[in-house]
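Shown next, in structure tokens, is the structure this report addresses.
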Amino acid sequence: MAGAIALPLASDHAGLPLKLALKAALEAEGHTVADLGTHGPDSVDYPDFAAKVAEAVAAGAAPFGILVCGTGIGMAIAANRHPGIRAAVLHDSTEARLTRGHNDANIACLGARTIGVETALDAVRAFLSTPFEGGRHQRRVDKLSPPGAKPGA
Ligand code: RB5
């Protein structure tokens, strides 16, 4: 799914190794990745980096984003506070496929301390390539956000 729109990607210090591995693999597969930090091992606060990716997706600058922290959980909690964001913690490609198909998730959150690089990469690949199924799932997704809170709105 390479394209002109950069895929925003960010992590905190705990997620940095997995983020760098994902970034390298995705770029090798043809994706244009926008690395929004963190760029070093110093301790940082995950909500600050969740906001960078969430704001890019919510503004319509990119359809999807990726966030990595120790567990993926803090990033998901933080990202989901932004209107129009549906962030899901992924442990495998099945969760990735289902959350895209059913929840129209737009940010994938991964845990560097909980899953390995290959499993994370498989999940991201599935996340980026699975379309939203719409239909009955659209009605449910519509109930998650107030009008006007959709990305790019
Ligand atoms: C950082 O130590 C850790 O708390 C953070 O990466 C994340 O796992 C929080 O959800």
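The values are calculated or read from the model by the stated rules, or taken from the named source; none is laboratory data. Predicted model only: the values in this text are computed from it and were never measured. Every residue, glycine as well, gets a Cβ built from its backbone with ideal geometry; the counts of neighbours run over all protein chains shown. Areas reflect the complete protein model, heavy atoms only, side chains present, ligands, DNA and RNA absent. Shrake-Rupley method; radii C 1.70, N 1.55, O 1.52, S 1.80 Å.
Worth a mention:
- Exclusive hit being surrounded by fewer than 19 Cβ atoms within 10 Å (Cβ to Cβ), assigned to a loop (DSSP other than H, G, I, E, B) and not aromatic (Phe, Trp, Tyr), set ALA61, ALA105: ALA61
- Residue match in segment 111-127 (condition: open to solvent by 60 Å² or more (accessible area, probe 1.4 Å), away from the ligand (no atom under 12 Å from the Cβ) and within 13 Å of the chain's Cα centre (by Cα)): yes
- Being more than 15 Å from the ligand (Cβ to nearest atom), touching a strand residue (DSSP E or B) at 6+ places or on another chain (Cβ under 7 Å) and assigned to a helix (DSSP H, G or I) is a property that does not hold for THR94.
- Long-range neighbours under 6 Å by Cβ, at least six apart or interchain, first residue closer than 16 Å to LEU18 by Cα and in contact (Cβ under 8 Å) with a residue 24 or more places away in the chain within segment 62-80, second open to solvent by 10 Å² or more (accessible area, probe 1.4 Å) and among the hydroxyl-bearing types (Ser, Thr, Tyr): CYS69/TYR46; THR71/THR114; GLY74/TYR46; MET75/TYR46
- Segment 112-124 residues that are over 14 Å from ALA24 (Cα atoms) and in a helix (DSSP H, G or I), paired with ones that are of a type in the set (A, V, I, L, M, F, W, C) and away from the ligand (no atom under 16 Å from the Cβ) (beta carbon under 6 Å, 6 or more apart): ALA123/ALA96
- When segment 34-50 is filtered for residues that are open to solvent by 20 Å² or more (accessible area, probe 1.4 Å) and not in a loop (DSSP other than H, G, I, E, B), the ones remaining, listed by number, are ALA34, ASP35, TYR46, PRO47, ASP48, PHE49.
- Checklist (1) assigned to a loop (DSSP other than H, G, I, E, B); (2) surrounded by 18 or more Cβ atoms within 10 Å (Cβ to Cβ) applied to ALA56, failing item: (1)
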